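Trainee: Attaching a single structure in structure tokens format; questions to follow.
The values are calculated or read from the model by the stated rules, or taken from the named source; none is laboratory data. Remember, it's a predicted structure, so these values are computed and weren't measured experimentally. Here the Cβ is made from the backbone with ideal geometry for all residues, glycine too, and neighbour counts use every protein chain on show. Please note that ligands, DNA and RNA were not included when accessible areas were found on the heavy atoms of the full protein model with its side chains. Shrake-Rupley method; radii C 1.70, N 1.55, O 1.52, S 1.80 Å.
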Amino acid sequence: MGQGGKSDLSIPLSQLEDYGRQLRSIKTRLNHTKKLFEQYRDDIGDGSVNNSLDDFESNWEDGREDITQQLDALAKMSDAVVREFKKLDDKLAKQADEGMKTEEKDSKSS
């Protein structure tokens with residue numbers, strides 16, 4: 001325990017869980033640029049604009065794979081931290097409960 005009864009270790013689990021979800025959402029949106037461009041193809045009308053968008057999509061596809069792999073890795077790390085911290089928290093809570101029961105048993109025996 002730290003000063004004033006505060007824990008030395010504090011992890012904002014809900015924010016970390018949200019972080020993983022946000023990373024996955026970004027990945028999904030990145031992978032839908034082609035569909036987005038195609039939705040407006042008829043509205044744009046001008047072939048040169050559509051050709052430029054196709055070129056952009058093609059070039060963007062090359063770098064997007066690296067980005068999505070990194071987003072996946074970060075999201076998995078975030079999930080792992082949350083999962084492992086919850087396991088640790090449960091284990092410590094169980095040990096604390098068992099310790100309290102042992103103390104109660106010992107004080108009743110005295």
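Trainee: Which listed residue (56, 33, 71) has the Cα farthest towards the positive end of the charge dipole for the range 25-71, taking +1 on Lys and Arg C-beta and -1 on Asp and Glu C-beta about the Cα centre?
Mentor: My answer, from the dipole projection, is 71.
Trainee: With a 1.4 Å probe and all protein chains kept in place, how much accessible area does residue 36 have, in Å² rounded to the nearest 10?
Mentor: Here the residue's solvent-accessible area equals roughly 80 Å².
Trainee: Compute the angle between helix 47-109 and the longest alpha-carbon principal axis of the chain, please, reported from 0 to 90 degrees and rounded to the nearest 10.
Mentor: 10 degrees
Trainee: With contacts defined as alpha carbon pairs under 8 Å and 6 or more residues apart, what's the relative contact order of the chain in percent?
Mentor: Relative contact order comes out at 39 percent.
Trainee: Suppose all protein chains stay in the model; what accessible area per residue would a 1.4 Å probe give for the chain, in Å²?
Mentor: Per residue, the chain has 80 Å² of solvent-accessible surface.
Trainee: So, one more: Here are several values of Rg and Dmax of the Cα atoms in Å: [x] 18.9, 74; [y] 16.1, 50; [z] 25.7, 90. Which one was derived from the coordinates shown?
Mentor: Identified label for the calculated read-out: [z].
Trainee: Also: Each label point is 7 Å from the Cα along the Cα-to-Cβ direction; what then is the distance between the points at residue 87 and residue 50, in nm?
Mentor: 5.3 nm
Trainee: Next question, about the same structure. What order, most packed first, do the peptides 76-85, 40-49 have when packing is the mean number of other Cβ atoms within 10 Å of each residue?
Mentor: 76-85, 40-49
Trainee: Out of the total accessible area of the chain (probe 1.4 Å, heavy atoms of protein only), what percent is carbon and sulfur?
Mentor: 51 percent
Trainee: Length gain on complete extension for the stretch residue 69 to residue 26, per 0.36 nm per residue less the alpha carbon to alpha carbon distance?
Mentor: Answer, rounded to one decimal: 14.3 nm.
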